[in-house]
Amino acid sequence: MEHPIYHALLFGPPGAGKSTQAEYLMQHWNLAAISTGKLLREQIAAGTPIGLRVREVLARGELVDDALMIEILRAWLAAISPDNGFLLDGFPRTIPQAQALDEILAELHRPLSAVIDLRLSVSEAVHRLGGRRICYGNGPDEIIHINDEAAIARCLERGGLLVQRPDDLPNVIVKRLAVYEAETEPLINYYRARGIAHRVDASGERAQVAARILSAVEGIDHPPPVW
Ligand code: AMP
């Protein structure tokens, strides 16, 4: 099906399922997508100069400085073909980042068309993050919850390794949720005034959440997709 070219942002507290939904939306809407958190974790794993610079910041659950993040985004956005839409997962996180994004997109003549605001209660976010593990190795990385015995068995069968993100430890989870509330949540008002923000309930199954996002942004009812 043909879709408009979306220029979209994905907001939500840690644990809201941003990267899971970003992966789905990217395919469904034919978008280039970037997760700034994932990009930083890859830099850390590869031991690059950027990785060394930000490792401690991520481990504390704090935000990386605006200048570095803006530089990374500027280069990434400039490289996207005009035929592709885009989805930003994890950027902007602060008002200066949002202002810089406006300037970059104005230069590129690519105004924002949708802001997806995933909502999740603090207790649900803590439950999801505290139990979150990543299955690494022998295939694509998979996010798994420790209560999901079938998924754990599948991971071990394929020779995968279950790993906990260092910033999913309890004291860092609390810090990340507090940073989101203080620094990032106010941004939603910044976009709400433009009439392009869509509030979406992020509780429940991932397919249900995807259906809510599609219905909100496209303005037509969608059943949950087969995942
Ligand atoms: P996430 O995977 O989105 O939860 O991001 C993980 C961590 O990466 C965050 O806790 C921050 O330390 C860092 N990070 C990701 N995106 C940004 C950003 N736009 N600005 C500052 N720090 C970021």
Matching entry among Thr94, Thr20, Thr36 (being of a type in the set (S, T, N, Q) and at pLDDT below 95)
Thr20
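So that you can scan it fast, the table gives a plain yes or no per residue for (1) at pLDDT below 95; (2) closer than 27 Å to Glu62 by Cα:
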residue: Tyr136; (1), (2): yes, yes
residue: Asp148; (1), (2): no, no
residue: Ala153; (1), (2): no, no
residue: Arg158; (1), (2): yes, no
residue: Pro170; (1), (2): yes, yes
residue: Lys175; (1), (2): no, yes
residue: Asn189; (1), (2): yes, yes
residue: Ala197; (1), (2): no, yes
residue: Ala207; (1), (2): no, no
Selection status of Pro4, modelled with pLDDT under 95 and either touching a Leu at 6+ places or on another chain (Cβ under 8 Å) or not aliphatic (A, V, I, L, M) (or both):
yes
Pairs only if they're at least six apart or on different chains, beta carbon under 8 angstrom, first in region 94-123 and more than 14 Å from Leu73 (Cβ to Cβ), second within 16 Å of the ligand (Cβ to nearest atom) and among the basic types (Lys, Arg); list them, first residue then second.
Leu118/Lys18; Leu120/Arg128
The one condition Ala210 fails out of (1) exposed (fewer than 12 other Cβ atoms within 10 Å of the Cβ); (2) closer than 16 Å to Gly17 by Cβ; (3) small (Gly, Ala, Ser) is (1)
Counting only strands (runs of 3 or more DSSP E) entirely within region 127-171, those with at least 3 residues that are surrounded by 15 or more Cβ atoms within 10 Å (Cβ to Cβ) and under 19 Å from the mean Cα position of the chain (by Cα) are 132-136, 142-145
When region 103-126 is examined, which residues are found to be in contact with a helix residue (DSSP H, G or I) (Cβ under 8 Å, 6 or more places away or on another chain) and either assigned to a strand (DSSP E or B) or more than 30 Å from Leu156 (Cβ to Cβ) (or both)?
Ile104, Leu105, Leu108, Arg110, Pro111, Leu112, Ala114, Val115, Ile116, Asp117, Leu118, Val122
Mind listing just one residue for me: the one in region 100-126 that is under 30 Å from Ile5 (Cβ atoms) and small (Gly, Ala, Ser) and, of those, surrounded by the fewest Cβ atoms within 10 Å (Cβ to Cβ)?
Ala106
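The values are calculated or read from the model by the stated rules, or taken from the named source; none is laboratory data. Keep in mind that this is a model prediction, so the values were computed, not measured. No Cβ is skipped: glycine too gets one built from the backbone with ideal geometry, and neighbour counts run over all protein chains shown.
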